[in-house]
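The values are calculated or read from the model by the stated rules, or taken from the named source; none is laboratory data. Keep in mind that this is a model prediction, so the values were computed, not measured. FYI the Cβ positions are ideal-geometry reconstructions off the backbone, even for glycines, and counts take in every protein chain you see.
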Amino acid sequence: MAVITVRYFAAFREQAGCDQETLTTAHATAGDLFAELAERHGFVDPTSRCKVAINDELTTWDASLQDGDQVLFFPPVAGG
């Protein structure tokens with residue numbers, strides 16, 4: 001089990017109803033954690049369209065989580 005601080009950006013922040021939360025998780029990867037939180041908060045975007053950072057560094061969805069990590073989820077961003 002690890003205590004993780006999750007921060008939400010843009011649309012994820014709106015859907016979660018908060019900009020961050022601290023939780024205890026048994027999930028081993030950022031992708032597994034995202035799947036749990038997507039179900040909890042109603043995120044509909046797949047990880048293939050989103051980005052994740054752990055401790056302020058962009059990483060992959062299969063990156064391992066460690067106790068005390070800060071995870072930031074970025075939804076797809078429209079631009080033009």
So, in the range 46-57, exactly how many residues are in a strand (DSSP E or B) and either under 20 Å from Glu21 (Cβ atoms) or in contact with a strand residue (DSSP E or B) (Cβ under 6 Å, 6 or more places away or on another chain) (or both)?
4
Given the criteria without any contact (Cβ under 8 Å) to a residue 40 or more places away in the chain and either within 12 Å of the chain's Cα centre (by Cα) or surrounded by 15 or more Cβ atoms within 10 Å (Cβ to Cβ) (or both), does Thr47 qualify?
yes
Residues of the range 3-28 that turn out to be crowded, with 16+ Cβ neighbours inside 10 Å and over 20 Å from Pro76 (Cβ atoms), as a count
3
Looking only at the range 60-80, count how many residues are in contact with a strand residue (DSSP E or B) (Cβ under 7 Å, 6 or more places away or on another chain), loosely packed, with under 15 Cβ neighbours inside 10 Å and not small (Gly, Ala, Ser).
4
Go through the range 2-44 and count every residue that is among the hydrophobic types (A, V, I, L, M, F, W, C) and in contact (Cβ under 8 Å) with a residue 40 or more places away in the chain.
9
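If you take the residues of the range 1-36 that are outside any helix (DSSP H, G or I) and among the aromatic types (Phe, Trp, Tyr), which of them is nearest to Gly68 (Cα to Cα)? Full working, then the answer.
The first filter runs over the range 1-36 and keeps only residues outside any helix (DSSP H, G or I), leaving 1-10, 17-29.
Cutting the leftovers down to among the aromatic types (Phe, Trp, Tyr) gives us 8-9.
On the way: Tyr8: 17, Phe9: 19 Å.
Residue satisfying both the conditions and the ranking: Tyr8.
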For Glu39, all conditions in the list (1) outside any helix (DSSP H, G or I); (2) loosely packed, with under 12 Cβ neighbours inside 10 Å; (3) not aromatic (Phe, Trp, Tyr) hold save one; what is the number of the exception?
(1)
Hey, can you tell me all the residues within the range 42-68 that are modelled with pLDDT of 95 or more and among the aromatic types (Phe, Trp, Tyr)?
Trp61
